[in-house]
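The values are calculated or read from the model by the stated rules, or taken from the named source; none is laboratory data. Source: prediction; values computed, not measured. Using ideal geometry, Cβ is built from the backbone for each residue, glycine included, and neighbour counts are taken over all protein chains shown.
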Amino acid sequence: MEDSDHNELILPEGTEAKMNIPSELLPKCPNCGRPLTMNLRSDNKFVEDEGWQAAAVEYEIWLTQHQDRKIVFLEIGVGYNTPGIIKYSFWQQVYQNRNATYACLNMEEERVPEEIREQSIIIGGDSAEIIKGLVS
């Protein structure tokens, strides 16, 4: 078996691994200088802050006011890390509104529920390149 098949770290003789990163190499916010964190649903620092909550209320009001109109729910590059925020919500809105369309630009193969397949447009590939092609 070759070394690349092991997936193990091999250190030169006489050295040891230091499992720390100098603080000056950690990313910081360019505006306030505070340390950046991963935007993952792992703690209370996820995107659902007060501003997000206020925007969610405004979005719900807008959806209610436009519930039977022609709407395109455009999803760009959304994966399955937190599908309940955008993907599943869009699917539900399209399912409830026969005038709505679900449009998805995604690098990876995308699945669409059978119930909204006729109302869906799926475009695979690099979203940035696709959008650039649309505006040129």
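A few remarks follow.
- Of the numbered criteria (1) at pLDDT 75 or above; (2) exposed (fewer than 10 other Cβ atoms within 10 Å of the Cβ); (3) under 30 Å from Pro83 (Cβ atoms), the one Leu36 fails is (2).
- Any hit, segment 40-52, residues being of a type outside the set (Val, Ile, Thr), within 30 Å of Lys132 (Cβ to Cβ) and modelled with pLDDT of 95 or more: no
- Exactly one residue out of Ser23, Ser4 is at pLDDT below 75, of a type in the set (Ser, Thr, Tyr), over 27 Å from Tyr80 (Cβ atoms) and exposed (fewer than 10 other Cβ atoms within 10 Å of the Cβ), and it is Ser4.
- Search result, residues across segment 98-118 that are in a helix (DSSP H, G or I) and out of contact with any strand residue (DSSP E or B) (no Cβ under 7 Å at 6 or more places or on another chain): Glu114, Glu115, Arg117, Glu118
- Unmet requirement for Leu63, which otherwise passes all of (1) at pLDDT below 90; (2) in contact with a helix residue (DSSP H, G or I) (Cβ under 9 Å, 6 or more places away or on another chain): (1)
- Among the residues of segment 92-136, those identified as in contact with a helix residue (DSSP H, G or I) (Cβ under 6 Å, 6 or more places away or on another chain) and surrounded by 15 or more Cβ atoms within 10 Å (Cβ to Cβ) are Val94, Ala100, Thr101, Tyr102, Leu105, Ile116, Gln119.
- Filtered by the rule that a residue be among the charged types (D, E, K, R) and either modelled with pLDDT under 95 or in contact with a Cys (Cβ under 9 Å, 6 or more places away or on another chain) (or both), segment 70-104 gives Glu75, Lys87.
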